[in-house]
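The values are calculated or read from the model by the stated rules, or taken from the named source; none is laboratory data. Keep in mind that this is a model prediction, so the values were computed, not measured. Counting neighbours? That spans all protein chains shown, and the Cβs are built from the backbone with ideal geometry, glycine included.
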Protein chains: 2
Amino acid sequence: MSPSKKSGLTAKEKLRPISGFPELLPEERRVELDWIDKIRTIFESYGFTSIEPRTVEPIDVLLKQGDTDKEIYTLGRLLDIPNSDREPNYGLHYDLTVPMARYVAANMEKLDFPFKRYQIQKAWRGERPQDGRFREFMQCDIDVVDTREIPLHFDVEIPTIMHQVLKSIDAGPVFTRINNRKILEGYYSGLDIDNTSAAIRLIDKVDKIGFDGIANLLKLELKLNTKTIDKIFQLTQIRGSGRQVVDQIQRLGVHSDLLDRGLEELTFVMQELEHNNEEAFSVDLSIARGLAYYTGTVYETRFVDYPAYPSICGGGRYDNLVGDFVNKRLPGIGISIGLSRIFAKLLKEKRIITDKKSPTEILVIYSRGAPYQLVSKTAQTLRQRGFNVEQYHEDRKLNAQLKYAEGKGIPWIWFPPNNIDGEHQVKNSVSREQQPADPTTWIPEKG
Amino acid sequence: MSPSKKSGLTAKEKLRPISGFPELLPEERRVELDWIDKIRTIFESYGFTSIEPRTVEPIDVLLKQGDTDKEIYTLGRLLDIPNSDREPNYGLHYDLTVPMARYVAANMEKLDFPFKRYQIQKAWRGERPQDGRFREFMQCDIDVVDTREIPLHFDVEIPTIMHQVLKSIDAGPVFTRINNRKILEGYYSGLDIDNTSAAIRLIDKVDKIGFDGIANLLKLELKLNTKTIDKIFQLTQIRGSGRQVVDQIQRLGVHSDLLDRGLEELTFVMQELEHNNEEAFSVDLSIARGLAYYTGTVYETRFVDYPAYPSICGGGRYDNLVGDFVNKRLPGIGISIGLSRIFAKLLKEKRIITDKKSPTEILVIYSRGAPYQLVSKTAQTLRQRGFNVEQYHEDRKLNAQLKYAEGKGIPWIWFPPNNIDGEHQVKNSVSREQQPADPTTWIPEKG
């Protein structure tokens, strides 16, 4: 396509926001960046290391497991008109789990296991934008993948890290609902249901379709009778603390080895989590996490204050996602924190303070014919001492420079002397106090 | 496309690297992340603030100015077959300058000017991958955009920041060649060339086509005579310090007001830059930076040791790129650091040390039936004191745990007691010294 074939957007159209592709103002971005720093620090404090796989995967890899409900963005080439109707080969990743799985499988020989990685990266989905659902969004993921069985230690550690993260960014009260896919599959197979994963997928839609709708589908698609469906619904409605839930499930009188294993796992996980933080974690047997790849503990976190808002974290244990690439057993467990989703909601609810438009701490004034190199050297001296410093960029009326500092909320104004032997002064923007200062030794008082 | 229509890659094909989309191993990514932190710190120390525009722009915006030689990746939708042959509307950005310009124009009323922003973000180009040229790559940009004339202060400050960045990441010796588009345009118009920007674009290809080829094109396309072409080539071959170059150009006897302004600007910029760092900066009249939007000072930086490797930084002054969106004057100046390009070269030349596979500082051993919660609490205590700590994830033979620590290069091994009253010990992985320690007070000796 040559430039002459441009579709011809007007100037206004060119500047229009694109639905589902949110952008932050500088003062908002500063908070997001601060969050990312905090999250990284916490992830690293548990020994997770950063990877950043390419954003592009073969379509086959993206379709491999799981979330094919989500629309995938495919890549084309603008100048590639002759072949433009060929099969799309590459797409943008729609989560961080599938690229991680592919990366681990591809680099197996070079990694140390258990491999603990974090990823703070964008992902893209072509779905219809709505409250809390974006087409371009930032996710923060941690996962552990091992060549051996992954101990339940990680089923406890991973949601603990996640809660620590949410606290560090002041996300406010949240609650995490926990389930174990082994309980669901074990219970269903105890009911002699053949296609347990189809049953789980249907039940997971109960919020969207309602119990009657699900009952009909279970009858039609899986040929289940009313008694079995009642049993399923009885399980689905169980929630509470670890001990309560296990008792209730056992009273339902369904038995299978897999169910027993699931109950054992849930008991350990809940006991440890409740030991640390009683209120935030509870069991909810209706949680399945749609993705087909989960095989054990699953997590889903929401805001307490906005329970109808989509879940802000989710994850779980998957035994086969990674290993399937190389025909080996490489079980994994992880959680994904929906940074963009959390940020958008808290911003909308005015629970994020955005009062800093720039990182600048000191503005060095350039006025009244001060020698350029003296102004410049003053700024550089302060900078080398660790301050964030702007040198005002031209010799201009003082008022214009002070107005600039005020607009950006710069806390300190520095006045270099007019000659090399003169006295420096510094002014606090809030208290308006001004006093002599030496750029090589000055330390701001706290305030 | 339904999953059944998968093109059917083999397992091996799914794991194959994609040409032009580089991926780093964890120990390499740790260095890249360290670089990014250093770069951010330097950018912020000059008062630049982060923005992160969406990665997607309307094709019209991407084609607007400049770099349409570069292949743009367009976005499609996998499930959207019925409309798949329609005109592509969106593409991935191919640099960080055009999205910044659109962002500033769209948010004009909410920004403070001069607006100083940095962006550390990926960009995508569909070009043929080759040494130092990627399809997905990380760029680090700073730019200043103002509603008033931008003072020459920034023509000096911006390459100064860039050199400080390259030093902080140990990029090794580099050289930056500087030119001023006003000199080129002013000189050409002094030679009565009508289409000065076409002439600049042709001359900029001299490295690819050679002098004879360019001479032919100047004759054919711009109808220039041999005398004029000689005059152009005389200019193109001038290089040296600021003062040398200005003298040489003036001796060529071409005159125009624009040329005079360009020479004045170059004189000031070179004087200040040479004042700070004599060797790294020089003038080179053959540098034009292909992009049409540059209107003043332009920069191009290369490795001293690898002069044939593509330029690792580039930028300049553009008067109209931003303002064109809103029909106002919004001049700007900026520079782009090719992080992926620098990283790839230094990695290949083994000038990057990649000896850390994880951020972990302490591994807490979990062995010989130690109580889980005691092990867990020890790790948490150390973590809260600011250390990066892994708790070994299962009660297992000590040898396996030590081997894990060795594989990841973890410097300290912590042995919690077998009971709550026992003694903690800590061992240095290098010296192998082991001694009693208290997790609430221990401080590692430097080593």
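Just a few scattered comments:
- Qualifying residues in segment A:343-368 (those that are more than 35 Å from the chain's Cα centre (by Cα) and away from every other protein chain (no Cβ under 13 Å)) - the one modelled with the highest pLDDT: A:365
- Residue A:390, sole failed condition from (1) in contact (Cβ under 8 Å) with a residue 12 or more places away in the chain; (2) part of a strand (DSSP E or B); (3) farther than 23 Å from residue B:268 by Cβ: (3)
- Which numbered condition residue A:375 fails, given (1) among the aliphatic types (A, V, I, L, M); (2) within 13 Å of another protein chain (Cβ to nearest Cβ); (3) in a loop (DSSP other than H, G, I, E, B): (3)
- Conditions (1) over 30 Å from residue B:313 (Cβ atoms); (2) in the same structural domain as residue B:27 (by TED's automatic domain parsing): number failed by residue B:384: (2)
- When the strands (runs of 3 or more DSSP E) confined to segment B:277-370 are screened for residues that are surrounded by fewer than 20 Cβ atoms within 10 Å (Cβ to Cβ) and out of contact with any Phe, Trp or Tyr (no Cβ under 8 Å at 6 or more places or on another chain), those reaching at least 1 such residues are found at B:281-284.
- The residues on offer are B:16, B:77, B:29, B:54, and the sole one that is more than 25 Å from residue A:26 (Cα to Cα), at pLDDT 90 or above and at the interface with chain A (Cβ under 7 Å from one of its Cβ atoms) is B:29.
- Residues being closer than 26 Å to residue A:318 by Cα and assigned to a helix (DSSP H, G or I) - total across segment A:198-220: 11
- Qualifying residue in segment B:380-397 (condition: more than 30 Å from residue B:96 (Cα to Cα), of a type in the set (Gly, Ala, Ser) and buried (at least 20 other Cβ atoms within 10 Å of the Cβ)): no
- Out of A:222, A:202, sole residue that is modelled with pLDDT under 95 and crowded, with 19+ Cβ neighbours inside 10 Å: A:202
- Any hit, segment B:421-428, residues being within 30 Å of residue A:109 (Cα to Cα) and either surrounded by 20 or more Cβ atoms within 10 Å (Cβ to Cβ) or not β-branched (Val, Ile, Thr) (or both): yes
- Single residue of segment B:429-447 satisfying the filter (among the hydroxyl-bearing types (Ser, Thr, Tyr) and over 14 Å from residue B:365 (Cα atoms)) that is surrounded by the fewest Cβ atoms within 10 Å (Cβ to Cβ): B:441
- Qualifying residue in segment A:369-384 (condition: among the aromatic types (Phe, Trp, Tyr) and modelled with pLDDT under 95): yes
- Within the set B:211, B:175, the sole residue that is out of contact with any Leu (no Cβ under 9 Å at 6 or more places or on another chain) and farther than 29 Å from residue B:333 by Cβ turns out to be B:211.
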